[in-house]
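The values are calculated or read from the model by the stated rules, or taken from the named source; none is laboratory data. Small disclaimer: the values here were computed from a predicted structure and weren't measured. Glycine gets a Cβ as well: all are built from the backbone with ideal geometry, and neighbour counts include every protein chain shown.
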Amino acid sequence: MSNRPNVLLLFSDEHRHDAMGCAGHERVKTPHLDALAENGTRFTQAFTPSPICVPARAALATGQYVHQNRCWSNAEAYSGDPVSWGHHLIEQGHRVDSIGKLHYRGGETHNGFEEEILPLYIRNGVGWIKGLLRDHEAFFDVSSYVREIGPGSDRYTDYDLGVTRAARQWLSDAGQAASEKPWVLFVSWLRPHYPLTCPPEYYDLYPLDKMDSARFVSDAELPSHPVTRTIRRNFNYDDAFDEAGRQMARASYYGLCSFLDAQIGAVLDTLDQSGQADNTLVIYTSDHGDHNGDRRMWTKMSLYDESARIPMMMRGPDVPKDHSTDRLASLVDIYPTIMQTVGAVDDGLPRPGINLNDLSRAGSDDRAILSEYHDGGSPVGMFMLRQKRWKYNYYPGYAPELFDMHADPNELQDLASDPAFAADRDECHRALSRIVDPDEANKRAFADQAKRIEALGGIDKILASEEFDHTPVPGAP
């Protein structure tokens, strides 16, 4: 038996950072995540490398930012290159399996798992191609989003229940098998990603007459930057709702967070029963957040904390209990955490991540992390730098934004044009430039996407392609 810990990586889709009891939310009920945080360490300032599914998951796999692995959009998915932590572990004799959503290209590609159980890939190996047409506005269909809300059954929920069953079986089997090296299991659910149809027993936890209201919805509080306004205009779910529908959708999102929490609890209970919990590092996180009506925005695809900030926590051997840290963390930190936890040898390529075990105890307060967006609805690349107290958003060809996250955590006062903060703005841009040349990366993204558009038959063929608002589960049309 190995004296190194196993790793159980629990992953969700579209879980915003504050939709948990342990994050201080007064309504969202997440007892199992709360217990996980109480028995481990929670990273209160964790961020996604990209506020959309496919690029975020490619960054998780490769330990690289989006501009490094060039999985720019939901139509440019990970297909095994660059190599992932899983590839390295398999080569070194570890068992590495996945259960659930991957959102990779799929097909015959080797994605860094020995076995992919119930995998969900991008649709037809192609993905959401209309997002490649970033200079074409107002062709995104929002109708299904506003229709599929409230209590009821849904294929996404059924899929997640299957993921939970498969994960519990895997852990039970692994507990009975001797292994010389630690295993790594990636369990990935769809929820709380829309459709916002919620199992009634979880929806009923949030009566509409006791629901809170969306934040920052007055005209003075709505996003004013032209790029974010374009995003809102292209994905204008809010105008398709009436007020009752908005509240139903918000309650459904909360209910789906509670449903997800129940799945996590079931898997952790099986881990405990298997006798492996004391020698397993458990990590929970998500690919990105969700606005859930804040700023009259829905889903993700912005640089606001509702979209770009994520839950992240872990428990395991030598992990401090009932501990939280506000040191900046990112999904790219998962790569070195897994590699070093199981004692694997990396390939030596430079990657921006820091082992979460180290980050939870020390780490530089000067650390800078990056999130970027190069997908549908945005006329230009969006680059977010977080460092110290600052959030700096850079949009090539447009004015930047600067927010003091200590004094203005709601991101309502842009300081970028204030002469009193010019030095801070300029230092943030220098810090961003040390990570990426944003203007060059923006050009490279558009160039790669132009080639992809041509390979798919051109703009007219993409415009005429079938619309879909979320990836269908395996076996669905």
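The criterion of being surrounded by fewer than 24 Cβ atoms within 10 Å (Cβ to Cβ), at positive phi and in contact with a Gly (Cβ under 6 Å, 6 or more places away or on another chain) holds for G275. Just so you know, in the range 238-269 the residues that are part of a helix (DSSP H, G or I) and of a type in the set (D, E, K, R) include one that is surrounded by the fewest Cβ atoms within 10 Å (Cβ to Cβ), and it is E243. Picking from residues in the range 411-428 that are surrounded by fewer than 17 Cβ atoms within 10 Å (Cβ to Cβ) and among the charged types (D, E, K, R), the one that is farthest from A308 (Cα to Cα) is D418.
When you scan the range 134-144, do you find a residue that is within 30 Å of G245 (Cβ to Cβ) and in a helix (DSSP H, G or I), even just one? Yes, because at least one residue in the range 134-144 is within 30 Å of G245 (Cβ to Cβ) and in a helix (DSSP H, G or I).
Take Y335 and decide whether it is modelled with pLDDT of 95 or more, more than 18 Å from the chain's Cα centre (by Cα), aromatic (F, W, Y) and not in a strand (DSSP E or B). No. Is at least one residue of the range 184-194 in contact with an Asp or Glu (Cβ under 7 Å, 6 or more places away or on another chain), surrounded by fewer than 19 Cβ atoms within 10 Å (Cβ to Cβ) and not in a strand (DSSP E or B)? Looking for residues that are in contact with an Asp or Glu (Cβ under 7 Å, 6 or more places away or on another chain), surrounded by fewer than 19 Cβ atoms within 10 Å (Cβ to Cβ) and not in a strand (DSSP E or B), one finds none in the range 184-194, hence no. Please go through the range 96-147 and give me each residue that is among the β-branched types (V, I, T) and surrounded by fewer than 22 Cβ atoms within 10 Å (Cβ to Cβ), ordered by number. If the condition is that a residue be among the β-branched types (V, I, T) and surrounded by fewer than 22 Cβ atoms within 10 Å (Cβ to Cβ), then T109, I117, V126, V142, V146 are the ones that fit. Kindly provide the set of residues from the range 282-327 that are surrounded by 22 or more Cβ atoms within 10 Å (Cβ to Cβ), in a loop (DSSP other than H, G, I, E, B) and more than 14 Å from the chain's Cα centre (by Cα), ordered by number. Of everything in the range 282-327, those that are surrounded by 22 or more Cβ atoms within 10 Å (Cβ to Cβ), in a loop (DSSP other than H, G, I, E, B) and more than 14 Å from the chain's Cα centre (by Cα) turn out to be N292, G293, M297, W298. Within the range 216-227, no residue satisfies the criterion of being touching a Leu at 6+ places or on another chain (Cβ under 8 Å) and surrounded by 20 or more Cβ atoms within 10 Å (Cβ to Cβ).
D272 meets the stated requirement of being over 23 Å from the mean Cα position of the chain (by Cα), more than 22 Å from E201 (Cβ to Cβ), part of a helix (DSSP H, G or I) and without any contact (Cβ under 8 Å) to a residue 12 or more places away in the chain.
Are any of the residues in the range 343-353 closer than 22 Å to V96 by Cβ and in contact with a Gly (Cβ under 6 Å, 6 or more places away or on another chain)? The answer is yes; a qualifying residue exists. One residue alone among V28, V83, V54 is β-branched (V, I, T) and not in a loop (DSSP other than H, G, I, E, B), and that residue is V54. Is there a residue being in contact with a Ser or Thr (Cβ under 9 Å, 6 or more places away or on another chain) and buried (at least 18 other Cβ atoms within 10 Å of the Cβ) anywhere in the range 429-444? There is no residue in the range 429-444 that is in contact with a Ser or Thr (Cβ under 9 Å, 6 or more places away or on another chain) and buried (at least 18 other Cβ atoms within 10 Å of the Cβ). For the range 19-35, taking the residues that are touching a Gly at 6+ places or on another chain (Cβ under 9 Å) and under 13 Å from M313 (Cα atoms), the one that is surrounded by the most Cβ atoms within 10 Å (Cβ to Cβ) is identified as L33. If you go through the range 413-450 and keep only what is of a type in the set (D, E) and outside any loop (DSSP other than H, G, I, E, B), you end up with D424, D426, E427, D439, E440, D448.
What residue, among those in the range 459-468 that are exposed (fewer than 11 other Cβ atoms within 10 Å of the Cβ) and part of a loop (DSSP other than H, G, I, E, B), is nearest to the chain's Cα centre (by Cα)? Result: E466.
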